[in-house]
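Quick one: the structure is below, questions incoming.
Read-outs: derived from the displayed coordinates by stated rules, not from any lab. Predicted model, so just to flag it, every value in this text is computed and none were measured. In this analysis, Cβ positions are derived from the backbone assuming ideal geometry, glycine residues included, and neighbour counts consider all displayed protein chains.
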Amino acid sequence: MIFSKSYCPHSTRVKELFSSLGVECNVLELDQVDDGAKVQEVLSEITNQKTVPNVFVNKVHVGGCDQTFQAYQSGLLQKLLQEDSAYDYDLIVVGGGSGGLSCAKEAAILGKKVMVLDFVVPSPQGTSWGLGGTCVNVGCIPKKLMHQAALLGQALCDSRKFGWEYNQQVKHNWETMTKAIQNHISSLNWGYRLSLREKAVAYVNSYGEFVEHHKIKVTNKKGQETYYTAAQFVIATGERPRYLGIQGDKEYCITSDDLFSLPYCPGKTLVVGASYVALECAGFLAGFGLDVTVMVRSILLRGFDQEMAEKVGSYMEQHGVKFLRKFIPVMIQQLEKGSPGKLKVLAKSTEGTETIEGVYNTVLLAIGRDSCTRKMGLEKIGVKINEKSGKIPVNDVEQTSVPYVYAVGDISEGKPELTPVAIQSGKLLARRLFGASLEKCDYVNVPTTVFTPLEYGCCGLAEEKAIEVYKKENLEIYHTLFWPLEWTVAGRENNTCYAKIICNKLDHDRVIGFHILGPNAGEVTQGFAAAMKCGLTKQLLDDTIGIHPTCGEVFTTLEITKSSGLDITQKGC
Ligand code: FAD
Ligand code: NA7
């Protein structure tokens, strides 16, 4: 199908190319039909391409004149010209995590023949898991459950103030918790398999690697290879934890991939890294009463609002987590084997020549994650990756540099690395590919929560980013400290929880940044994120009647601006 204009020389070249290949095309000359401009507008929406010619082959968008000739030269065009039915599947999804499963299920609901490949390469410590990807097995789910286990410990302390009396010694049992969490995860793995089967999606527990256009080699645990073809592919292979590349790291350290199913209590733990995975793990381990140190290379929670990040850190510090700032490990040595054993960590300052040593039972690396894109033959079919980050650049319809290959989730460049983002973009992609939908995934104002001992929820811009984008003089920031009612009788500290909104004065005091540090921050943030999608302003917040007594109600009574410098400490309840 060629969308063309009769006077356009590039359209003529493309038409000549297809006719030289003996291919009969449908051609729509947009300058010769009444609604040509409208069609061009819709095409631009769907394909992100404003110009003609705009070429589709067997429902796959190829592009303009240059892209069509490039596809011809690489042989891709000839492949696309084969009938759809020449392929084994309409869609093969590589990666059965949040993004891949949502895309596969939606495509199957829309009547397509779909296959999902999912394979977990065991961690250097030998840990592997079932279907569902990072979130279910080694991410959000076990992390939040361990966070909950730690919060229950805090609740036990609070409960005495509320009159609960008990004599038994309270202690935490790692094995009991881990077993219960892993049982829950197994039930989720089973649920995913079942729901694929119900929707007639073929699930293959094997590793996928492209070998040529439209063809993937699939290798199972036993090394047996099978080949499949598909008209379209979605890559949703996610990320895996990075290692330091120093002596002893892969041999002796664990990562979040190992922690949640560790068969023994990790004991005295060094957490290396300062982003949310690091701080969340450090937080719940300390909540179980373990001796926990976080080694920070530079700042806490890079990318998040730094005022909030520092408050997260100082609460953790006041509740027993030690921080070693501006140090990086240089060597890990095993002193004793065991479950857990004993490790010596040598670290050096990032600012000078100082070195320090420490002995820990466990070293947990949480220093970032690498995209799983380098060992799957992407170069063989010409899918471009960002060589530095390994991420796959995609356009606003999640299409890669190869027209029939799409990418969603953590491996797509510039997108928030969050489960609901992967799910939404996978689902909408399937609807655009196989339904009649034009809806694109909206990556703006995606809310998130850091589940540290004091939770931090946010939506929109960090203060630093808002200043960079809108300039300080155009912003009004409202903030307050607050004391959750539940904390008063429990005797927990006042002036610790904090709420902040950043408003754009040039746009009716529109809320462009929402930040809360307090209990249930995720629950609070979710609703306000919906309000921000609807264009929340400071006036609308003031017009909203609060729910008393809750933490969320502070946002309906914000009065003090940061620029006023007025005292925000709370004197009573
Ligand atoms: P994944 O879920 O990682 O799935 C990719 C799958 O593809 C994996 O199963 C992988 O083994 C498989 N695979 C890779 N290569 C191949 C191949 N060649 N062939 C076959 N299969 C392959 N997000 C939140 O929203 N909230 C949270 O609270 C949260 N907490 C997190 C906590 C931790 C500790 C971590 C690590 C992440 C957390 N995340 C959280 C992020 C969230 O887990 C990810 O954003 C999400 O899982 C990304 O989904 P995905 O589909 O891109 O990839
Ligand atoms: P991030 O967000 O990539 O952060 C990595 C953290 O580790 C950050 O604090 C880094 O410090 C630190 N880091 C990175 N390299 C080193 C070395 N070599 N030594 C010491 N410290 C280091 O990683 P996360 O694992 O928390 O999360 C990644 C994604 O996983 C996240 O988006 C979710 O989707 C799940 P820096 O600030 O760079 O100095």
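What list of ³J(HN,Hα) couplings, whole Hz, do you get for region 556-571 from phi and the Karplus terms 6.51, -1.76, 1.60, once you set θ to phi - 60° and write x for glycine and proline?
Per residue, the Karplus-derived 3J(HN,Hα) values read 8, 10, 6, 10, 8, 8, 5, 5, 6, x, 5, 5, 10, 5, 9, 9 Hz.
If you take the alpha carbon radius of gyration of the chain and divide it by 2.2 N^0.38 Å, what ratio comes out, to two decimals?
The value comes to 1.10.
Here's something else I'd like to know. Quick one: work out the % antiparallel among DSSP beta bridges in the chain, nearest 5.
65 percent
Sort 516-524, 94-102, 340-348 by the packing proxy (mean of other Cβ within 10 Å over each peptide's residues), most packed first.
Result, highest mean Cβ count within 10 Å first: 94-102, 516-524, 340-348.
What is the packing order of peptides 33-46, 162-175, 210-223, 493-506, taking the mean over residues of other C-beta atoms within 10 Å and listing the highest first?
493-506, 210-223, 33-46, 162-175
Further question: When a/c is below 1.5 the answer is rounded, else prolate if a/b is larger than b/c, else oblate, so apply that to region 176-218 with a ≥ b ≥ c taken from the square roots of the Cα gyration tensor eigenvalues.
oblate
Quick check: pseudo-label points 7 Å beyond the Cα along Cα→Cβ at residue 20 and residue 545, how many nm apart are they?
Roughly 7.4 nm, to one decimal.
Which lysines does residue 388 reach when only Cα atoms under 18 Å apart count, and residues fewer than 8 places away in its own chain are ignored?
In chain and number order, the partners are 375, 415.
Taking the alpha-carbon centroid of each part, what is the distance from region 15-94 to region 517-542 in angstrom?
Cα centroid to Cα centroid, the span is 44 Å.
Can you tell me the length gained on complete extension of the stretch residue 507 to residue 48, counting 0.36 nm per residue apart and subtracting the Cα distance?
162.4 nm
Per DSSP H run of at least 4 residues, take -39500 (n - 2.57); add these up for the chain, divide by its residues and hand me the 222 nm value, nearest 500 deg cm²/dmol.
-10000 deg cm²/dmol
Still on this model: Mind sorting 89, 406, 227 by how few other Cβ atoms lie within 10 Å of their own Cβ, fewest first?
227, 89, 406
Here's a follow-up. How do 430-443, 555-568 rank on mean C-beta neighbours within 10 Å, highest first?
430-443, 555-568
Residue 156 to residue 173: extension gain in nm, 0.36 nm per residue of separation minus the Cα-Cα distance?
4.6 nm
May I ask for the angle, rounded to the nearest 10°, between helix 306-318 and the longest principal axis of the chain, with both axes built from Cα atoms and the value confined to 0 to 90°?
Roughly 40 degrees, rounded to the nearest 10.
With the contact rule set at Cα under 8 Å and sequence spacing of 6 or more, what percent relative contact order holds for the chain?
13 percent
Listed here are the pairs 348/384; 179/337; 311/342; which of them are more than 28 Å apart at the Cα?
Table pairs above 28 Å Cα-Cα are 348/384; 311/342.
Which of 461, 192, 58 sits closest to the plus end of the dipole of the chain, meaning its Cα is farthest towards the positive end, when Lys and Arg get +1 and Asp and Glu get -1 on the C-beta?
Going by the charge dipole, the pick is 192.
Continuing with the same structure: Using 0.36 nm per residue of separation minus the Cα-Cα distance, give me the extension gain between residue 38 and residue 533 in nm, one decimal.
Between residue 38 and residue 533, full extension yields 175.4 nm more.
So, one more: Which entries of 113/199; 250/344; 391/471; 144/500; 215/427 have Cα-Cα distances beyond 19 Å here?
With Cα atoms farther than 19 Å apart: 391/471; 144/500; 215/427.
Between residue 211 and residue 297, what FRET efficiency follows from the Cβ-Cβ distance if R0 is 41 Å, with the result rounded to 0.05?
0.55
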